[in-house]
Amino acid sequence: MWGVLRFVAHRTFVEPVRRGRMSEDPEFPWPRGIRVLVVIATVLYTALVALSVVGTRLREVTPVVAGGSMSLPVLVILVMIPAIIFGSAGFFVAACHWRHPVRYAIFAALVISYVFASSGIVMLVGAVLALPMIVLSIVRRRARVARWEMPLAVFFFGILTSSIIMEPRDVTPLDALAMLLQFLSWMAYPSVFAAGAAIVEIAVGAASWTARGVWEAAYSGSRRAGWTLFALLIVWTLLADVLSLTEGSVEVLPSRLLVALIVVVLVGLVALMIGWLVPMGMRPGVPVDADDVSAAWVRASRPIVMGFAGAYLLGPLIWDAVTFGGLSTYHSLQFVLSIFFLVLAIRAARRGEATTAVILATSAASTFLIQSLNALRVSLVSGQALTLVLDGLTLLILVGLIVARRLTPDRLLAIATAFLLSRFYTIRDWFDEPFTNLFAVSGASAALAVGLIWRQLTEYEFTQRGTSVFRVDARVLLGLGNMLLIGVCILAGTVAGSASPASLDQVEGVADRNIGTTLYLAATLSSLLIAWRGREGGDQRPGEEFGVTALARIEPKATVPAPSIGQKAVDVASPESGTARSPRRGGSG
């Protein structure tokens, strides 16, 4: 039992942090000055998170500054201002050295934030100071980050920020700071959308690895215990579904269940057809399972997150004439997003990235179908209806496999994973309960705070390696800027609450419904497809996942023998390793 718990904790929490944290790759060493900046930003971020935990209690022991719309403890303001300055500087310098159109979006966001938050003489001062910064962005775009660039940017944004706060006008200094933070929080929207689905991400990871760990332990030890746990899981599922149906909730009306069934079947067919585009994808079996989806989610979800964040920000700025079927501009743009995701899915499939292709195809199909139903004024698809429909399909597939005598151990694992995914998805709010009292907030604020912190621990794999277009030092600065602005949003949201200018609770709900549902559907449908069609390359036997014969022998970090000079070690348990799942292709996408 302890071996299973250790394994699940390692795969669900330790490995994603180890893989996605901001760390130095020996093949892409950081310049010495970058290390100093990382230390400074880490100290600031730690202070922001620590104040988020005790911020509401600081009001009782420290002076509080009041503004027209909110009030903050003095200590919170003293930490928040340097973080805003350092974060803005990090974004600017990174954009200067990123030869990609995204750099202009970063420049535009910074300009809009500081221009709209200032007035009068401050705008003139900013225009004068911006001239050398513009020249810097043009001259230095192909060069490496110099040691003097970050201090110069900090000096520039420090003058602008202090001028905005201290500028004599009708609003108080705290209101001026709140206005600046409101505009700067736009730059954090991609991370906020990803954080909104983080609770689902943790739930899906825990469910898939729990099923895998128990399966390995049962077939390397007592199979009777494994069958007993599987029977208890079925009983748990049936009881939960019966209770949901007898509650009389609007979400489980027959019309909504029928709509959910149509959505699930069509999304599954789209994902299956996209899988056929993968090289050798017409071979019998399915190349992707739930733990593949969980392991590849952070990387594969980036275009989904960027798409929804862009639609959410651009929606109010686009003329109302683009609306379709009476939908808002934001919902209308999701039709465009679904086509974009489908194109990316086809591209990923042809490149052999099966997991990424399945995730993108699931997002494309579910987004298009749900928005089409909204336009037709058909009953909305609820999460509760989805879990009931998926549980029903899982039970049907299980009965069919038993009758046809095709219930192999591998397909049993897929069935158990699908059941656990539905149960964990239903109780996903439990994952943020321990943090509700810690942050002294509740509801979406707690879920968002937990999601933001989780994403800051797992989404910076892109800073470990660089390219000629975007070098590693600029990537690190972009990560530091994002990390600090996210920390400011966490602090503002937990301390100022609903009065926070960076209140992003509504974004958390949108992300959970759209992006979180995509992850749940992708993982569950992958399990059902494996149970139905089998695994590509044949059934997987217990022990093949980890290269061992018993779960008790699993080590937290198993590697291949020491590489030769110039060759990097490969983690056997990593989804990037080609030796982790020899019977399968494209496991990590």
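Per the listing Ser23, Ser52, the residue uniquely assigned by TED's automatic domain parsing to the domain that holds Val495 and part of a loop (DSSP other than H, G, I, E, B) is Ser23. Looking only at residues of the range 418-444 that are modelled with pLDDT under 85 and part of a loop (DSSP other than H, G, I, E, B), we find that the one that is surrounded by the most Cβ atoms within 10 Å (Cβ to Cβ) is Phe439. The set of residues in the range 67-86 being small (Gly, Ala, Ser) and modelled with pLDDT of 95 or more consists of Ala83 alone.
A residue that is touching a residue at least 12 places away in the same chain (Cβ under 8 Å), assigned to a helix (DSSP H, G or I) and closer than 30 Å to Ala295 by Cα can be found somewhere in the range 170-186. Of (1) open to solvent by less than 20 Å² (accessible area, probe 1.4 Å); (2) under 18 Å from Leu480 (Cβ atoms), Met133 satisfies all except one. Which? The number of the failed condition is (2).
Among the residues of the range 450-472, the ones that are closer than 19 Å to Pro26 by Cβ, modelled with pLDDT of 90 or more and either in contact with a Phe, Trp or Tyr (Cβ under 6 Å, 6 or more places away or on another chain) or among the basic types (Lys, Arg) (or both) come to 2 in all.
Condition check for Ala146 on (1) assigned to a helix (DSSP H, G or I); (2) within 30 Å of Tyr460 (Cβ to Cβ): one failure, at (1).
State all residues of the range 445-493 that are outside any helix (DSSP H, G or I) and touching a Gly at 6+ places or on another chain (Cβ under 6 Å); if no residue qualifies, say none. So that I can check it myself, show each step before the final result.
Pass one, the range 445-493, residues outside any helix (DSSP H, G or I): 459-460, 464-471.
Of everything in the range 445-493, those that are outside any helix (DSSP H, G or I) and touching a Gly at 6+ places or on another chain (Cβ under 6 Å) turn out to be Glu459, Tyr460.
Scanning the range 6-16 for residues that are open to solvent by 40 Å² or more (accessible area, probe 1.4 Å) and under 29 Å from Leu477 (Cα atoms) gives Phe13, Val14.
Is it the case that the range 114-125 has a residue that's within 18 Å of Ala474 (Cβ to Cβ) and surrounded by 14 or more Cβ atoms within 10 Å (Cβ to Cβ)? Can you show your working first?
Initial filter on the range 114-125 (within 18 Å of Ala474 (Cβ to Cβ)): none.
Within the range 114-125, none of the residues are within 18 Å of Ala474 (Cβ to Cβ) and surrounded by 14 or more Cβ atoms within 10 Å (Cβ to Cβ).
There is no residue in the range 359-378 that is without any contact (Cβ under 8 Å) to a residue 60 or more places away in the chain, assigned by TED's automatic domain parsing to the domain that holds Leu529 and β-branched (Val, Ile, Thr).
Among the candidates Glu247, Glu216, which residue alone is among the acidic types (Asp, Glu), crowded, with 22+ Cβ neighbours inside 10 Å and at pLDDT below 85? Write out each step before concluding.
Details: Glu247 fails: crowded, with 22+ Cβ neighbours inside 10 Å.
So the residue among Glu247, Glu216 that is among the acidic types (Asp, Glu), crowded, with 22+ Cβ neighbours inside 10 Å and at pLDDT below 85 is Glu216.
On the given criteria, is Leu160 under 30 Å from Pro73 (Cβ atoms), touching a residue at least 60 places away in the same chain (Cβ under 8 Å) and either in the same structural domain as Ala296 (by TED's automatic domain parsing) or in a helix (DSSP H, G or I) (or both)?
So Leu160 does not fit the description; no.
On the given criteria, is Val43 modelled with pLDDT under 85, in a helix (DSSP H, G or I) and surrounded by fewer than 19 Cβ atoms within 10 Å (Cβ to Cβ)? So Val43 fails the test.
Of the residues in the range 89-98, at least one is surrounded by fewer than 22 Cβ atoms within 10 Å (Cβ to Cβ) and in the same structural domain as Phe462 (by TED's automatic domain parsing). Take Ala188 and tell me if it is open to solvent by less than 20 Å² (accessible area, probe 1.4 Å), under 30 Å from Ser118 (Cα atoms) and touching a Cys at 6+ places or on another chain (Cβ under 7 Å). So Ala188 fits the description; yes.
All but one of (1) surrounded by 22 or more Cβ atoms within 10 Å (Cβ to Cβ); (2) at pLDDT below 90; (3) among the aliphatic types (A, V, I, L, M) hold for Ile304; which doesn't? Of everything listed in (1) surrounded by 22 or more Cβ atoms within 10 Å (Cβ to Cβ); (2) at pLDDT below 90; (3) among the aliphatic types (A, V, I, L, M), Ile304 misses just condition (2).
Evaluating Pro151 against the criteria (1) at pLDDT below 90; (2) outside the structural domain of Thr518 (by TED's automatic domain parsing); (3) open to solvent by 10 Å² or more (accessible area, probe 1.4 Å) leaves one unmet condition, (1). Quick one: Ile415 ticks every box in (1) touching a residue at least 40 places away in the same chain (Cβ under 8 Å); (2) open to solvent by 10 Å² or more (accessible area, probe 1.4 Å); (3) farther than 21 Å from Ile515 by Cα bar one, so which box is it? Unmet for Ile415, out of (1) touching a residue at least 40 places away in the same chain (Cβ under 8 Å); (2) open to solvent by 10 Å² or more (accessible area, probe 1.4 Å); (3) farther than 21 Å from Ile515 by Cα: (2).
Cβ separations smaller than 6 Å between residues 6+ apart or across chains give no pair from the range 475-487 residues that are assigned by TED's automatic domain parsing to the domain that holds Phe157 and among the basic types (Lys, Arg) to residues that are open to solvent by 10 Å² or more (accessible area, probe 1.4 Å) and modelled with pLDDT of 95 or more.
The values are calculated or read from the model by the stated rules, or taken from the named source; none is laboratory data. Note that the structure is predicted; figures quoted are calculated from it, not measured. Here Cβ is always computed from backbone atoms with ideal geometry, including for glycine, and neighbour counts include all displayed protein chains. With ligands, DNA and RNA removed, areas are computed over all heavy atoms of the protein, side chains included. Shrake-Rupley method; radii C 1.70, N 1.55, O 1.52, S 1.80 Å.
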